[in-house]
Amino acid sequence: MYRILMVDDEPNILTSLRRCLARIDVSLLDGEALKVETFTSPEAAIERAEEQDFDLVMSDYRMPSMSGVEFLTRLMVIQPMAPRIIISGYADRDAIIAAVNEAHLTRFIEKPWDEEVLHRAVSTILGGAGHRTVKPAAGYNGANPDRHLQRLEEDCPGITHIDFAENGGIFIDEDDGVD
């Protein structure tokens, strides 16, 4: 079971996010279920994080008592290995850069979120360890996507194979023949 900690000062947002995450296909999560704990108070979420380890932490950017960056920075001390996502309607470039740099974000997702983007981010982070094969994007208009992948593989052997780290990052082989 993957444990997710979510913080947003708006209960309706937490309910919507919980509902959205419940629709993720567990096959994308290595067959594991999600257990989501929600908090409207960053302070209460920090207290909970002192008691329970989480596999993923999601936070709003703007909250009355503490910013999402401040919350996630404090949480990094408690659970340094937990990936961190900020979901925010406030998408100022400087704020995003500060959030990434200060809170070591894994992802920044804009509100209103696209359900597919959120599903992909969470499933990549949580189920992202090991090897995967690239699949065509959902909007791919090719007549035969398998043939398209086969041609890509023929042209560039190994291009459809990606090694993911546990945190969702991508391993790059320095000796892969790319100049």
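Quick notes
- Packing rank of 80-90, 31-41, 102-112, where each peptide gets the mean count of other beta carbons within 10 Å, highest leading: 80-90, 102-112, 31-41
- If the segment from H104 to D25 were pulled out straight at 0.36 nm per residue, it would be longer than the present Cα-Cα gap by 25.7 nm.
- Near E110, the amide H atoms lying under 5 Å from its own belong to S88; only residues 5 or more places off or on other chains count, and H is placed 1.01 Å from N.
- Evaluated at q = 0.15, 0.19 Å⁻¹: base-10 log I(q)/I(0), Debye formula over Cα of region 56-124: -0.43, -0.69
- Probing with 1.4 Å while keeping every protein chain in the model, the per residue accessible area of region 31-98 equals 48 Å².
- The average projected area of region 1-120, computed from the convex hull of its Cα atoms over all directions, is 6.7 nm².
- In a fully extended conformation the segment linking E10 and E37 would gain 8.3 nm over its present Cα-Cα distance, using 0.36 nm per residue.
The values are calculated or read from the model by the stated rules, or taken from the named source; none is laboratory data. Everything quoted here is computed from the prediction, not taken from an experiment. Using ideal geometry, Cβ is built from the backbone for each residue, glycine included, and neighbour counts are taken over all protein chains shown. Only protein heavy atoms, including side chains, enter the accessible area calculation; ligands, DNA and RNA are left aside. Shrake-Rupley method; radii C 1.70, N 1.55, O 1.52, S 1.80 Å.
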